[in-house]
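Heads up, the thing below is written out as structure tokens.
Only the coordinates and a few stated rules stand behind these numbers; no lab work does. Quantities reported herein were computed from a predicted structural model and do not represent experimental measurements. So basically every Cβ, Gly included, is an ideal-geometry build from the backbone, and we count neighbours across all protein chains shown.
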Amino acid sequence: MRTLMTMIAVLMLSSCIRLDSLMFSPDTSIETYQLDAFEGRQEIDLPEAYALPDSLIEVFTLESDLEGDKAEIYAVYVGNQNLISTDTVILYLHGNAGHLDFYWNRIKLLANTGAKNRFGVLAIDYRGYGLSGGTPSEDGLYADTDAAMKWLKEKGLTSDRLVIYGFSMGSAPATELTANPRTLQPSKLMLEAPFASDEVMLQDASGLSLPGSYISNLEINNADEIAKVDEPFFWIHGVDDDYLSIETHGEVVFKNYQGIYSEAHRVEGANHGDVPFIMGFEAYIDAVTQFVER
Amino acid sequence: MGIIRTTVILGCLAFATACAPARVIKPLEKGEKQIGANLGGAMINYGGAPIPLPLTSINYLQGLDTGLTLSAALHTTDILFGVMHAEAGLGIKAYQTKSEKFGVTISPSMNLMYDIWEQNFSAYPQLDALCYWQYAEKPNLFYGGLGSWVELNKVKAHNEVQTNELLPYIMVGHQFNRPKWTFTTEAKYLGFQHDNRDLVPDYIGPSHYGALGLYFGISRRLIK
């Protein structure tokens, strides 16, 4: 019995199976960002009508400091950078897979909000994604997003003109930095297919009320953090999302929001990654535009 | 999102319902002791191939009295996650023919879980009822039955109402008994009332409901 107990104690103390790092699925195989020339899989294909002038697209690097753990992360800005000091900017935070190229069509779509290049759009590759240095982590998401805000602030952006848009995993830094602002306080929060928490994932899968701590040490909790957000909130989610259920993830996040204004877009027939396509690009752009301009 | 889908599965299913085969099929003789190990779990699509989750547990059985067997088990996969998942129960002879070739066993048990990370504790009662049929002179047997985990919590994450009060399953299996060793193969159909399409794990279940499970067990009699 003593041997058995010793074995159990050793196993528990040496427990190494945590799913924290598995939340991230970066692709670091690229040598350069290809954007329009990218031939890999993208979640949506965009018609030529949404093409943007190369002169208004810049890929560059930022320094992100995570409590001394500095990483050079990549970013792409779409729009006239001279207007950052006077106009609205959308900060786009992508999901957990791939790298910026994978989300390029989504970024272009947002850059067509209002009109072509009406608003500037900034997107980043989190540390460990694409060509960005470092290793992905929950705290890294927040630090990297804040680094993007610092860059925008240095360019003259003020909080009242910052709109933050988080897709899937990107809903975590978007919600966190709106609820607990650092460099800038986003004036509007937009979430597409957000997840409530890792605990919901576990409970959906097991059918039981098991605590999230049984599988990970992640503290991402959009369902609770959203309650701290006062800023206007836009939520869009595919009704047929088979990855992050609209019922157990999106609806919970939306219900917990208690701020000054919210709008919900439940897109019939859409799955996790094809909301703009199923909704229709123009309908999607119209909805985003109306919210950004309201 | 495909990669995260397959990785999260491994964690989630470590704690999925009925992650082990039936513990007591035919109650042991008084004083008889048995230790065993089990492997298996719900079937999922993994990289396009159907596989049973490789969940493991070890167990101990002891015949307390005629028709009454104590069972205890540790879910070793869960331990690797830093979660102590212990299970204790009884196997009770509810009915048996005079020839002892056919019988019914009822097994109430309790699952207790505790994690070292945030010290969260969970308790889930479980009840199995199965009948067995010893089909040959050697004590090999077929068995089948049903069971359920019982959800005691009324709320789940973020104070949402927990609507799953029971997580039932049906099972069929076979035990190949040798003088000292027993080999068990069991199939389960878990959570058959739940649509499995909007879940992270790609469970394999008929018409997208529930999950089929496959389990293997080996045990050795210690003393009689």
Tabulated pairs, region B:117-135, first at the interface with chain A (Cβ under 7 Å from one of its Cβ atoms), second small (Gly, Ala, Ser) and surrounded by fewer than 20 Cβ atoms within 10 Å (Cβ to Cβ), C-beta under 9 angstrom, 6+ apart or interchain: B:TRP117/A:SER15
Failed item in (1) in a helix (DSSP H, G or I); (2) within 14 Å of chain B (Cβ to nearest Cβ); (3) more than 19 Å from A:GLY273 (Cα to Cα); (4) not β-branched (Val, Ile, Thr), with A:ASP146 passing the rest: (2)
Those residues of region A:159-168 which are in contact with a His (Cβ under 8 Å, 6 or more places away or on another chain) and assigned to a helix (DSSP H, G or I) amount to A:SER168
Tell me the residue from A:SER197, A:SER168 that is in contact with a Phe, Trp or Tyr (Cβ under 9 Å, 6 or more places away or on another chain), in contact (Cβ under 8 Å) with a residue 24 or more places away in the chain and within 14 Å of chain B (Cβ to nearest Cβ), please. A:SER168
If the Cβ limit is 8 Å and pairs must be 6+ apart or interchain, which residue in region B:164-177 that is part of a loop (DSSP other than H, G, I, E, B) pairs with which residue that is small (Gly, Ala, Ser) and buried (at least 22 other Cβ atoms within 10 Å of the Cβ)? B:ASN164/A:GLY207
Out of the residues in region B:110-140 that are surrounded by 17 or more Cβ atoms within 10 Å (Cβ to Cβ) and among the polar types (S, T, N, Q), which is farthest from A:GLU199 (Cα to Cα)? B:GLN134
Could you name every one of the helices (runs of 4 or more DSSP H) located completely within region A:180-284 that has at least 1 residues being polar (S, T, N, Q) and buried (at least 18 other Cβ atoms within 10 Å of the Cβ)? A:198-206, A:222-225, A:251-256
Six or more apart or on different chains, Cβ atoms under 8 Å: show the pairs whose first residue is in region A:77-97 and polar (S, T, N, Q) and whose second is part of a strand (DSSP E or B) and buried (at least 22 other Cβ atoms within 10 Å of the Cβ). A:ASN80/A:GLY120; A:GLN81/A:GLY120; A:THR88/A:GLY120; A:THR88/A:LEU162; A:THR88/A:VAL163
Looking at B:LEU141, B:LEU214, B:LEU146 in this structure, which one is more than 16 Å from B:VAL24 (Cβ to Cβ) and either more than 18 Å from the chain's Cα centre (by Cα) or hydrophobic (A, V, I, L, M, F, W, C) (or both)? B:LEU214
Restricting region A:102-150 to residues that are among the acidic types (Asp, Glu) and crowded, with 24+ Cβ neighbours inside 10 Å, the one nearest to A:GLU48 (Cα to Cα) turns out to be A:ASP125
